Each structure stands twice: as C-alpha cells, then as structure tokens.
Amino acid sequence: SAAGMLPAIAGLLLAVAAGVRGSAAGEQESPPGSRFVCTSLPLDATGSGCPLPPVPMQGGAQPPEEELKATVLQLRETVLQQKETIGSQREAIRELTGKLSRCESADGKAATGTWKKELGKGKDTMGDLPRDPAQVIDQLSRTMQTLKDRLESLEHQLRANVSYAALPSDLREMLQRRLGDLERQLLSKVAELEDEKSLLHNETSAHRQKTETALNALLERVSELEKGNSAFKSPDEFKVSLPLRTNYLYGKIKKTLPELYAFTVCLWLRSSASPGIGTPFSYAVPGQANEIVLIEWGNNPIELLINDKVAQLPLFISDGKWHHICITWTTRDGMWEAFQDGEKLGTGENLAPWHPIKPGGVLILGQEQDTVGGRFDATQAFVGEMSQFNIWDRVLKAEDIMNIANCSINMPGNIIPWVDNNVDVFGGATKWPVETCEERLLDL
C-alpha cells in the first residue's frame, strides 16, 4: 500500500543522502596520498552499510491518519533538505564518480602498488582485478608478434597455395605454351644428343676398323719379314729357280710400274737351256702384251722389246754360269744400252722413241705374256735361276753398273727392289738362298 511504501522510500532516500554526505566528508578529511578501496554491498544489506537516521517520535500515540500526515510532512522537509544538499555537493559527486571510474578501470601506474597491497589483505574489490602494466605491455607485444607471425604465415600459404585453376585463362595459356616450348626444346636436345652418340659410335667403329686393318697389315708384314728372315739371311739374298720349260712355272712381282720415260733393269741369271734361255721377264699392260720384254727364243739372239718394237742385244749368257745383265733405255730418241758383267757390250737408238712406258701392268718372271698376266708359251719359258732383279726410273751411270756387277755396292731399285715379300712363285717355281755376290763372281 501507499502508506507502507512511504516509510521505505523515505528510508532509502535518507540512506542515499547519508552515504553521499559521508563520502563527501570522507573525501574532505582524507589525508594526502591516500587511496580508495571500493567495496561492493549486497542488495539485502541495507542496514549494514548506510543506517537510516531515526525518525523522531512526537508525543504519544497518535491516530494513523495524524501519524501519516506527520510523516509526509517530515519527508517533504527532508527531501527539500536533501535536494539542497545534493545541489551543493554535485562537485563531490563528480569527484567520487571519477574515483569510482579509477577503481573500475585500474588505470594509472601510481595506483598499482595500492591495488596489490589491498589484494594482499584479502579485501574484495569492485569488478576485475587490475594488472601490472609491464605485464600488459609484454602480453600485448607477444600478442602483436603472434598476430604478425600468423599474418606472414597466412601470406606465405596464400602464395604457396595459389591453385592453377584460379589463374586467369590468358596466364594459363601462356604457361601451357611456355611448357610446350620447353618440352620441345628438351626433346630436340635429347635427339641431338642421340645423333651425336650415334655419330660418335660410327666414328669410333670406323676408327677401330682402320686401326684393326693397319694392325693386320703390320702383322702380315712382320710375318713376311719373319718368314723371309727364317729362310734367308736378309730379304734380298734369295733366288728364284725355274728348272723346267713349262707354261706354268713362273714368278710374279707384286708391285707394278708407274709411267716411265726411262728405266734401267739389272739382274743376275744363270741358264744352260737350248735353244735359247727363254724369257727372263716380261711386262704387259692392257692393249699391249709386249710393253717390255727380254727374250732369247730358239736360235735368235737376245732381244729387247718395247711397245712391241725390237732391238737385238749382243749378250751371250747361255753357258750355265752366273752373269750380271743390265739394260738401259730412254724415250728420248729410243736410246738403249746393254751391259754384261759390268761392261757395256752394245748401244742403239730408235727403239720406241718418245713412247712412255704405260703404268698399271703385270710384271712376270720366267714367262712371256700374250695377254696381261697369262697365255704363257712353254717354248718361250725361261729355264734356270735368277736373282737381284731391280728396276730404276732412270738411266744408271756406267760406273754404278760396274760397281753393282763387281759387288762393290748394293743398290736396290727405287721402282722395283728385289725383296722376298715382293716376289711370289707359282707352278713349282721355288725360292732358295742365293750364293753370295763374291761366289757369283768366281763363277764367271
């Protein structure tokens, strides 16, 4: 009811006014440098905090109406007084409000020690407990660093995790073209390397084949030299023996002649065949079987044929003894010379003048050729032995021929030398060690 609520309202107002006055008085009486401790009050603790002032009782017992009127009047007076007090104490209220705000926010370094001191005493405070500003700053720094690290991590992940599908279509096409170009370049480089590898392999194979061919040739040469040295004291100390007059015993010179404008042919021979010793040697070329021929056939004297032209030589060698024979010729005027045992026995001219000896023919010992390398005639075969068959591409001087014949010098031919591995024998012809040059001289 209204009558019941009025005392309560009046008490509340008195309590508020008394608290305000007490606070103001406390503020005025507080010594310098003091601090406030804010204590929360429970809602039901109205009597413990700010006690209501006692209401004076007038007289004795009064009727309820009179009592109520007196109370109302008293309340009016009190309200007016409190209103005046509140108006005069607004400044104190503002200061209290500022101090209350300081209690709640816990700002300012000067109040920190007091808060910790009061907390140490176990007193309750209003709102959250204040914290050390150094800790706050440190925590804020750590928080800022954490946020910075997280931001950098997110940026890194963003750069690393950009999906290919999220790229613009133009960029994707450009990347595809670039990748295609790189792939083609790679394939081209691989193909070039394969080609170089194949070429290197082919060059290596060709070089290996050439090397093997050269080694085989050297081995054959060594074998021939070993064979010749095993049969004869030196490669030129042998003779070819043609004991029968047949068309199948002969020797063959492996080397051929170049084109010649002069030559000298020398050889040792021994024969007692009759009539005539036959053909000591013949050289045939395509189109001319009688390019160079030395022959004694039947009762005819020894003849020299050059390009099928004939010159008779004043030589006599069918006595069964060793004789040294040399024949020279030059294309200039067809001049020729014949030497026997170092002495010049004849000379002449107009034997195939101005005709060069053709190259590339076949040189046969002991047979006369009707075709290049064949069609031998037994009646023209040489019967006997021969050695030191040498050919030069010039006309030797008479003193050189004399020195060769009397064993003073050993001068192999510069075109055809007499060496074992340059002479092959066929049809039963044989090669034997030859008598020394001095022994052949004693046989004269």
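Readers should treat all values here as calculations from the given coordinates under stated rules, not as data from a laboratory. What you see is a predicted model, and the numbers here were worked out from it, not measured in a lab. Please note: Cβ atoms are built from the backbone with ideal geometry, for glycine as well, and neighbour counts cover all protein chains shown.
Past 23 Å, Cα to Cα, is the threshold; run Lys255/Lys431; Lys210/Lys358; Lys309/Lys344; Lys239/Lys397; Lys254/Lys397 against it and keep the listed order.
Lys210/Lys358; Lys239/Lys397; Lys254/Lys397, as the Cα separations exceed 23 Å there.
How far apart, in nm, are two points set 7 Å out from the Cα along the Cα-to-Cβ line at Arg177 and at Asp377?
Once both label points are built, they end up 9.1 nm from each other.
Considering Cα pairs under 8 angstrom that are at least six residues apart, work out the relative contact order of the stretch 238-442 and quote it in whole percent.
34
Among Ile409, Ile364, Ala352, which residue has its Cα positioned farthest towards the positive end of the charge dipole of the stretch 238-442, with +1 placed on the Cβ of Lys and Arg, -1 on the Cβ of Asp and Glu, and the dipole taken about the Cα centre?
Value: Ile364.
Can you compute 3J(HN,Hα) from phi for each residue in the stretch 201-217, using the Karplus curve 6.51 cos²θ - 1.76 cosθ + 1.60 with θ = phi - 60°, rounded to whole Hz and x for Gly and Pro?
Going residue by residue, I get 5, 5, 4, 5, 5, 4, 5, 5, 5, 4, 4, 5, 4, 4, 5, 5, 4 Hz, with x marking Gly and Pro.
With θ set to phi - 60°, apply the Karplus curve 6.51 cos²θ - 1.76 cosθ + 1.60 along the stretch 185-193 and write out the HN-Hα couplings as whole Hz, x wherever there is a Gly or Pro.
4, 5, 5, 4, 5, 4, 5, 4, 5
Round to the nearest 0.05 the FRET efficiency obtained for Asn403 and Lys233 when R0 = 22 Å and r is the Cβ-Cβ distance.
0.50
For a quick protection proxy, order the peptides 282-292, 190-200, 301-311 by their average other-Cβ count within 10 Å, most packed first.
For the peptides 282-292, 190-200, 301-311, the packing ranking is 282-292, 301-311, 190-200.
Assign one of three labels to the stretch 353-444, namely rounded, prolate or oblate, based on the Cα gyration tensor with a ≥ b ≥ c the square roots of its eigenvalues; rounded applies when a/c is under 1.5, prolate when it is not and a/b is larger than b/c, and oblate otherwise.
Judged from the Cα gyration tensor, the stretch 353-444 comes out oblate (a/c at least 1.5, b/c at or above a/b).
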